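Input: a single structure, listed below in structure tokens.
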Amino acid sequence: MLLLTKSIFAIMIGFLAATFIGLVLIPQLKKLKAGQHVSIFMAEAHKSKEGTPTMGGFIFIIATTITIVALLVTKKIDYTSNLLIVLLTFIGFGLIGFLDDFLSLKKKGNEGLTTYQKLFMQVIISVAFFYIYMKNGGQTAFTVGTLHIDLELGWLYGLFILFVLVAASNAVNLTDGLDGLAGGLSTIAFVAFALISLVVGYEEIGIFSLVLCGSIAGFLVYNAYPAKVIMGDTGSLALGGAMGAIAIITHRELTLIVVAGVFIIETLSVIIQTISVVFFRKKVFLMTPIHHHFEKLGWREQDIVKMFWIVGLILAMGGIIFGVWL
């Protein structure tokens, strides 16, 4: 009963904090003219989004961080190295996204950090992750009990961490293209990982995930169609980084593929399109990521988001079964 109360409280306080921060932050972003630049290749419906404040990811980053610190200070949750790692990754990837957004605004376009600059910063965070993880006795084996996999990776586990974090953060980043899409899917995914974490004995990670769920829900008050603010790379990289970190900490890396299935489909659509255009000079989709393909087919933005949320929810339920029961 106490854990249930903690969980509800975590969601509630995260939501209230994010809602309040949004009320304060969005007007400031407008004053700073931190408006999104829409690509000329986007659908006509997106032209009206030109100038919508970006870097809205700070709403749930600040809300989640403040809430977790408050819970630690009041000793409502225990401090662990695992929680430190997840917070470090969450905030660190958020800062990378902020630099990318800031440079994009400065250049008045959609190009911020270069791919190599992003990767270099992600490597630094991954090294810090691996160091703290190993210092506190983390295992370096890739294990999947259901499939009877137990593969010892040794120092290669550091590269595995980098791959998971980069893949997860980029997948969420690619999905952030419609109002409420990435935020809603992330909420569903973090609920799944919260339940998995609580069941398998990572209470502090579960509470973090629930606080983040509440914070994203508070953000969606302003990001749902029609969006008053966009999360930007600040938010999408932070969410993807945290998602990957939690999967690694709880040793549910394969479960991440199921829970984050929609993010992976979005990423695969880009990869398939790129390969097809480069080698065969032919498009498979009208536009990628795949949510834009449905836009080109004439679907309404709200209908695409709803469909993707439903698919994400089904996959998340499957991920919980795979990650806990099987």
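The values are calculated or read from the model by the stated rules, or taken from the named source; none is laboratory data. A quick note: this is a predicted structure, and the numbers were derived from the prediction, not measured. Don't worry about glycine lacking a Cβ; one is built from the backbone with ideal geometry, like all the others, and counts go over all protein chains shown.
Descriptive notes on the structure:
- Screening the range 221-282 for helices (runs of 4 or more DSSP H) wholly inside it with 2 or more residues that are of a type in the set (Gly, Ala, Ser) returns the ranges 232-249, 261-280.
- The single residue among Gly177, Gly184 that is modelled with pLDDT under 95 and under 22 Å from Val262 (Cβ atoms) turns out to be Gly177.
- Residue match in the range 52-74 (condition: on the phi > 0 side of the Ramachandran plot and at pLDDT below 90): no
- When the range 203-235 is limited to residues that are surrounded by fewer than 24 Cβ atoms within 10 Å (Cβ to Cβ) and out of contact with any helix residue (DSSP H, G or I) (no Cβ under 6 Å at 6 or more places or on another chain), the one that is farthest from Thr54 (Cα to Cα) turns out to be Glu203.
- Filter pass, Phe15 being closer than 18 Å to Ile230 by Cα, of a type in the set (Phe, Trp, Tyr) and either at pLDDT 95 or above or surrounded by fewer than 22 Cβ atoms within 10 Å (Cβ to Cβ) (or both): yes
- For the range 102-149, filtering for residues that are within 30 Å of Ile321 (Cα to Cα), outside any helix (DSSP H, G or I) and of a type in the set (Val, Ile, Thr) leaves 4.
- Unmet criterion (only one of (1) touching a helix residue (DSSP H, G or I) at 6+ places or on another chain (Cβ under 9 Å); (2) in contact (Cβ under 8 Å) with a residue 24 or more places away in the chain) for Asp303: (2)
- Taking the criterion of being buried (at least 24 other Cβ atoms within 10 Å of the Cβ) and under 13 Å from Ile320 (Cα atoms), the only residue of the range 236-251 that qualifies is Ala247.
- Residues (closer than 14 Å to Thr67 by Cβ and touching a Gly at 6+ places or on another chain (Cβ under 9 Å)) located in the range 195-213: Leu210, Val211, Leu212, Cys213
- Number of residues in the range 168-201 that are more than 30 Å from Arg300 (Cβ to Cβ), surrounded by fewer than 24 Cβ atoms within 10 Å (Cβ to Cβ) and touching a residue at least 12 places away in the same chain (Cβ under 8 Å): the value is 4.
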